[in-house]
Amino acid sequence: MSDRRKFVKFSLLSSAAILAGKNLFAKTNTTIALLPVPVKNEPIVISTWDFGKEANAGAWEVLKRGGRALDAVEAGVKIPEADPDNQSVGLGGRPDRDGRVTLDACIMDENSKCGSLACLEHVVHAISVARMVMEKTPHVMLVGDGATQFALENGFKKEKLLTPKSEREWKEWLKTNKYAPKNNIENELPGGIKNHDTIGMVAMDNNGNLSGACTTSGMAYKMHGRVGDSPIIGAGLYVDNEVGAATSTGVGEEVIRIVGSHLVVELMRQGMEPEEACKKAVERIVTRNPEQAKTVQVGFLALSKSGKFGAYALQKGFTYAVRSGGEEKIYDAKHVYP
Ligand code: GLY
């Protein structure tokens, strides 16, 4: 991957001083004046799947104005959350096998502050509730009725998330009622319905700060109460402002077992490029259970502190969207299996 990071360095006060016709390096008694270096970074945002493109556009509105990466990722993922035609996130998400739409989400900033919720019902913008958990409570994670109660008591509107389309498909599924939920394997659901899941987004702002967000309605027709990787800090998302950020999509159970996003960031800390780190994490899933790995999809996406990005998946078909000052593009991730 190309290095997206460009520095605009006003590296030493000397430049300004020279322009101003002053010599700040002249000895003043015995000390030399060296002031801190303001550094500007090129912002970038990356997110999972083709629908990440629209989400990135929302994030870009914040980043291009010099806004904070945290605000960008929240604004970005709210776009698919509010889209009734996106059946893997927020409004219109596919329900669990009891017909209930339950949402998982988490958010993390450059200071390792994080907020998360699992099994939230009746609220479209799970990511904003997760941010509120982060900012307004002493906790990291709320679940189930407690999460919903917290959201409604704090001004989030109660809404019906099950759309007629998702309800119709669920009722069709009930006719066979085969409990074998899978994520992300294309054309897995009846009628050739694509079961893409999860928007995971990581971004860097022009101060070089990283943040990430991850939000999903989880596996279609899952057991009620089932929670995937998406709201688990370290599994579905991890941000370390010194190293990089990573997020995941796919069968959450596989990601949780290897604490995948944290693993990707730690591999980058050891010096790996983002794509290589994502590949190693995916290979860890293969090593752990090769037969199982052939039957599921997992994809990782990573952004390094230097602005490099990359991804890797178990199966063909994982795409990710990139937006920066110089690029707006959807990439096909490399994969283990053909
Ligand atoms: N990756 C989303 C889930 O497993 O729920």
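Sort out which residues of the stretch 315-338 are at pLDDT 95 or above and more than 21 Å from ALA57 (Cα to Cα), and write them in order of number. Listed by number, the residues that qualify are LYS334, HIS335, VAL336.
Of VAL286, VAL243, which residue is of a type outside the set (Ser, Thr, Tyr) and under 26 Å from LEU70 (Cα atoms)? Outline the logic, then answer.
Details: VAL286 fails: under 26 Å from LEU70 (Cα atoms).
That would be VAL243, the only listed residue that is of a type outside the set (Ser, Thr, Tyr) and under 26 Å from LEU70 (Cα atoms).
Could you count how many residues in the stretch 267-291 are in contact with a Phe, Trp or Tyr (Cβ under 6 Å, 6 or more places away or on another chain) and within 16 Å of the ligand (Cβ to nearest atom)? Selection size over the stretch 267-291: 3.
Do we have ALA235 as in contact (Cβ under 8 Å) with a residue 24 or more places away in the chain, within 23 Å of LEU63 (Cβ to Cβ), surrounded by 20 or more Cβ atoms within 10 Å (Cβ to Cβ) and touching a helix residue (DSSP H, G or I) at 6+ places or on another chain (Cβ under 8 Å) here?
no
When THR215 is tested against (1) in a strand (DSSP E or B); (2) away from the ligand (no atom under 14 Å from the Cβ); (3) among the β-branched types (Val, Ile, Thr), just one condition goes unmet, and that condition is (2).
I need a count of the residues in the stretch 240-263 that are farther than 27 Å from LYS222 by Cα and in a helix (DSSP H, G or I). I'd like the intermediate steps shown before the answer.
We begin by selecting, within the stretch 240-263, every residue farther than 27 Å from LYS222 by Cα; these are 240-245.
Then drop every residue that is not in a helix (DSSP H, G or I), which leaves none.
Residues in the stretch 240-263 being farther than 27 Å from LYS222 by Cα and in a helix (DSSP H, G or I): 0 in total.
Return the total of residues in the stretch 218-240 being among the acidic types (Asp, Glu) and within 9 Å of the ligand (Cβ to nearest atom).
1
For the stretch 249-266, the criterion of being away from the ligand (no atom under 15 Å from the Cβ), more than 16 Å from the chain's Cα centre (by Cα) and on the phi < 0 side of the Ramachandran plot is satisfied by at least one residue.
The values are calculated or read from the model by the stated rules, or taken from the named source; none is laboratory data. Since the structure is predicted, the reported quantities are computational estimates derived from the model, not experimental observations. So basically every Cβ, Gly included, is an ideal-geometry build from the backbone, and we count neighbours across all protein chains shown.
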